[in-house]
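Trainee: One structure coming up, written as structure tokens, with questions to follow.
None of the figures in this text is laboratory data; all of them are computed from the coordinates on show. Note that the structure is a prediction, hence the values are computed from the model and not measured. Positions of Cβ are generated from backbone atoms using ideal geometry, with glycine treated the same way; all protein chains shown enter the neighbour counts.
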Amino acid sequence: MTVRSEGLTEMANQTSTAVNVASKVTTYGGSAGAVFFGLTANEMAAVSGVVIGLLGLLVTVIFKYRDDRRNAQRHALEMRRLQREVDHHV
């Protein structure tokens, strides 16, 4: 096989992969569009409410985790400070 034919084979493989990806995106996009645009206004409001509620829950959980972690660090520092005071007075 020559360098030119190897290059053409590689290009054909890349093109085939790109076409496969594009077909999947189009298929899933079309399916999502059919579901999305097939909803009534009330159903759309319900779905939007659920999505917003789940996002709110996710944000709350993330910030609560970060707050708990900060509080644990603060507590560990305070305990070390108190232990130093106890050791110093003994």
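Trainee: Quote the FRET efficiency, to the nearest 0.05, computed for Ala72 versus Val50 with a Förster distance R0 of 25 Å and r equal to the Cβ-Cβ distance.
Mentor: Between Ala72 and Val50 the formula returns 0.15.
Trainee: How many nm separate the modelled label positions at Ser31 and Val90, each set 7 Å beyond the Cα in the direction of the Cβ?
Mentor: Once both label points are built, they end up 6.6 nm from each other.
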